[in-house]
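Participant: Next up is a structure, given as structure tokens.
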Amino acid sequence: MPSLTPPLGLLSAFHRLTLVLSVAAAGALHASASAQTVGEVEFARGAGFAQTATQTPRTLGKGLALKEGDRLTTADGAAAIIKLADGTRMTLRPNSEVVLQQYRFAEAAPDNSMVMQLLRGGFRTITGLIAKNSPNAASILTSTATIGIRGTDFDARICDKECGPESSRVADKARPNAVQASAKLVGAQGDISAVDGGGQRRRLVDGGSVYPGETVETGAAARGVLAFRDDSRLTLGATTRFRVDNFVFDDKNPSEGRFLVSLLRGSVRALTGLIGKANTRNVGFTTGTATIGIRGTGLDMDCSAEGSCSFFTWLGSIEVTPNGQTALQLLEAGQGLVVTSSGIRPMTAPTLDALPRPDSVNVDTRQLFQGASVDDNQPGLFVFVRDGHIEISTQRETLHLGRGETGFATDSGNVIRPLLTPLFLEFDKVPLPSSRNPMLVSVLGEAGIRPTNQCR
């Protein structure tokens with residue numbers, strides 16, 4: 001009778017295989033047990049799946065728990081809205097693939113972070129506390145570029161051959177991708193914020209946009225340069241509050257522009273731009289003690305908390321009109337004046353030499369504000385910002401986008417601000433993640449009816 005005992009070599013191989021399978025199974029169980037729940041699905045339509053490595057796919061449906069490491073996919077005609085623990089909401093477009101690569105969030109934790117990969121397709125998103133509380137904590141990785149999120153509401157879309165045909169089916173004409181911001185921040189150091197007319201505060205980083213009616217506030221050890229679209233530049237010192245009262249500029253007709261700003265507190269070194277050169281009457285600086293008119297000027301302004309303001313011009317001349325007076329004081333280059341509630345006195349030397357003059361700061365205004373022609377059929381990454389601030393970075397360069405702006409990254413690593421807003425972005429039929437009735441929005445979109453929450 002033949003022996004039932006396996007050969008020694010075969011037994012050894014069997015043991016090795018058993019050990020490998022046991023280790024793999026243990027690893028899978030450990031990964032499953034340790035995977036952090038980061039959010040859930042709020043809405044799903046059509047076929048979609050969530051899957052971590054080593055696990056079977058889970059159907060995207062309302063209430064499905066999402067894990068760190070999940071790969072989310074949607075089929076043709078499908079969409080899903082997800083909500084993450086920090087309040088981030090995202091609508092996955094049809095034919096899309098997103099990986100929740102890294103997610104760390106705890107209330108008041110200093111090391112919160114979010115990293116996602118957009119492999120194909122696109123999404124519409126409103127970011128939550130992670131991006132709002134830290135300017136470098138949230139990012140989206142693509143094969144073309146990295147999207148740096150600065151607390152915002154935006155769409156991202158990887159296009160191959162499908163975006164151009166989508167635009168061609170829209171009857172409307174594309175509108176200019178006009179830069180809505182009055183100015184952008186460069187050379188930022190320390191804590192700098194912008195406060196809008198409704199009291200909403202957001203942190204500003206390099207490239208951050210400032211809009212008419214907003215107040216810029218700098219911290220105790222902060223400073224930065226505001227570069228305006230007309231090439232005016234202002235260096236803001238520490239503990240400064242500076243408001244953009246009115247800014248209107250058309251580079252084809254700068255004489256009709258308006259540049260009206262107020263220094264509420266702190267220090268500013270200012271260099272006027274194209275509006276001031278074309279029409280000095282349309283440029284004005286207001287402080288707590290005086291109003292300043294310019295004549296093609298570089299000037300310093302410093303206002304203390306006690307209500308005293310000093311003015312010094314280092315280029316051109318300025319007209320200083322103390323509050324409550326009609327007579328103005330004309331200051332030529334190298335002259336200064338201190339204005340208090342009790343009177344005025346001359347100032348013989350500048351006091352803000354520790355701050356860099358704005359004309360000494362290298363600013364590429366064209367890169368900050370101007371655009372170039374982009375074909376909707378061109379493959380690459382398109383980003384449209386509904387609110388907030390986005391960075392699109394490649395190995396070559398970085399493009400900063402503010403509210404209402406569109407950016408594009410080519411497969412070759414260039415970043416461009418398109419002259420026109422692509423129609424497939426502006427008339428996207430996929431519901432926003434804030435939609436109260438995503439199914440209705442989807443049905444209306446398929447019927448060619450534009451949702452009311454997306455008016456131009």
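Participant: Being farther than 18 Å from residue 93 by Cα and either surrounded by fewer than 21 Cβ atoms within 10 Å (Cβ to Cβ) or not basic (Lys, Arg) (or both) is the filter here; which residues of the range 144-165 pass it?
Facilitator: 144, 145, 146, 148, 149, 151, 152
Participant: Residues of the range 269-291 being part of a strand (DSSP E or B), out of contact with any Phe, Trp or Tyr (no Cβ under 6 Å at 6 or more places or on another chain) and without any contact (Cβ under 8 Å) to a residue 60 or more places away in the chain, which ones?
Facilitator: 284, 285, 286, 290, 291
Participant: For the range 217-230, state whether one or more residues are of a type in the set (S, T, N, Q), at negative phi, at pLDDT 90 or above and not in a strand (DSSP E or B).
Facilitator: Looking through the range 217-230, none of the residues is of a type in the set (S, T, N, Q), at negative phi, at pLDDT 90 or above and not in a strand (DSSP E or B).
Participant: Same structure, new question: Among the numbered criteria (1) surrounded by fewer than 18 Cβ atoms within 10 Å (Cβ to Cβ); (2) within 25 Å of residue 258 (Cα to Cα); (3) modelled with pLDDT under 90, which one does residue 388 miss?
Facilitator: (1)
Participant: Which one is nearest to residue 388 (Cα to Cα) among residues in the range 105-136 that are assigned to a helix (DSSP H, G or I) and in contact with a strand residue (DSSP E or B) (Cβ under 7 Å, 6 or more places away or on another chain)?
Facilitator: Only one residue tops the list, namely 131.
Participant: Within the range 182-202, track down each residue that is in contact (Cβ under 8 Å) with a residue 40 or more places away in the chain and either over 18 Å from residue 241 (Cα atoms) or more than 16 Å from the chain's Cα centre (by Cα) (or both).
Facilitator: Hits for the range 182-202 are 187, 190.
Participant: While we're on this one: Looking at 287, 313, 297 in this structure, which one is out of contact with any Gly (no Cβ under 9 Å at 6 or more places or on another chain), assigned by TED's automatic domain parsing to the domain that holds residue 209 and closer than 24 Å to residue 223 by Cα?
Facilitator: Exactly one residue qualifies, and that residue is 287.
Participant: From 125, 239, which residue is surrounded by fewer than 24 Cβ atoms within 10 Å (Cβ to Cβ) and polar (S, T, N, Q)? Steps first, answer last, please.
Facilitator: Working: 125 fails: surrounded by fewer than 24 Cβ atoms within 10 Å (Cβ to Cβ).
The match here is 239.
Participant: Considering each of 357, 345 in turn, give the residue that is among the basic types (Lys, Arg), out of contact with any helix residue (DSSP H, G or I) (no Cβ under 6 Å at 6 or more places or on another chain) and within 19 Å of residue 316 (Cβ to Cβ).
Facilitator: None of the other options fit; the residue is 357.
Participant: All but one of (1) touching a Gly at 6+ places or on another chain (Cβ under 7 Å); (2) surrounded by 17 or more Cβ atoms within 10 Å (Cβ to Cβ); (3) not aromatic (Phe, Trp, Tyr) hold for residue 216; which doesn't?
Facilitator: The single condition residue 216 does not satisfy is (1).
Participant: So which residues in the range 306-340 are of a type outside the set (Gly, Ala, Ser), closer than 12 Å to residue 288 by Cβ and out of contact with any Cys (no Cβ under 9 Å at 6 or more places or on another chain)?
Facilitator: Selection gives 306, 322, 323.
Participant: Pull up the range 195-215, narrow it to residues that are over 23 Å from residue 366 (Cα atoms) and part of a strand (DSSP E or B), then point me to the one that is modelled with the highest pLDDT.
Facilitator: Filtering first and then ranking leaves 215.
Participant: Okay, next question. Quick check, is residue 40 within 28 Å of residue 425 (Cα to Cα), surrounded by fewer than 17 Cβ atoms within 10 Å (Cβ to Cβ), acidic (Asp, Glu) and in the same structural domain as residue 159 (by TED's automatic domain parsing)?
Facilitator: In short, yes.
Residue-wise test of (1) in a loop (DSSP other than H, G, I, E, B); (2) free of Cβ contacts under 8 Å to residues at least 12 places away in the same chain.
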residue: 327; (1), (2): yes, yes
residue: 334; (1), (2): yes, no
residue: 337; (1), (2): no, no
residue: 385; (1), (2): no, no
residue: 400; (1), (2): no, no
residue: 408; (1), (2): no, no
residue: 412; (1), (2): yes, yes
residue: 425; (1), (2): no, no
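Participant: Pick from the range 141-184 the residues that are acidic (Asp, Glu) and assigned to a loop (DSSP other than H, G, I, E, B): which of them is nearest to residue 196 (Cα to Cα)? Outline the logic, then answer.
Facilitator: So in the range 141-184, the residues acidic (Asp, Glu) come out as 153, 155, 160, 162, 166, 172.
Next, only the ones that are assigned to a loop (DSSP other than H, G, I, E, B) stay: 160, 162, 172.
Details: 160: 38, 162: 38, 172: 32 Å.
Among those that are acidic (Asp, Glu) and assigned to a loop (DSSP other than H, G, I, E, B), it is 172.
Participant: Go through (1) free of Cβ contacts under 8 Å to residues at least 60 places away in the same chain; (2) buried (at least 17 other Cβ atoms within 10 Å of the Cβ); (3) of a type outside the set (S, T, N, Q) and name the single condition residue 369 misses.
Facilitator: All conditions pass for residue 369, except number (1).
Participant: Within the bounds of the range 138-159, is there any residue that is under 21 Å from residue 424 (Cβ atoms) and modelled with pLDDT under 90?
Facilitator: The answer is yes; a qualifying residue exists.
Participant: Then there's this: Determine whether residue 375 is farther than 17 Å from residue 268 by Cα, in contact (Cβ under 8 Å) with a residue 60 or more places away in the chain and not in a strand (DSSP E or B).
Facilitator: It is true that residue 375 is farther than 17 Å from residue 268 by Cα, in contact (Cβ under 8 Å) with a residue 60 or more places away in the chain and not in a strand (DSSP E or B).
The values are calculated or read from the model by the stated rules, or taken from the named source; none is laboratory data. Note that this is a predicted model, so its numbers are computed, not measured. Cβ: placed from backbone, ideal geometry, glycine included. Neighbour counts: every protein chain shown.
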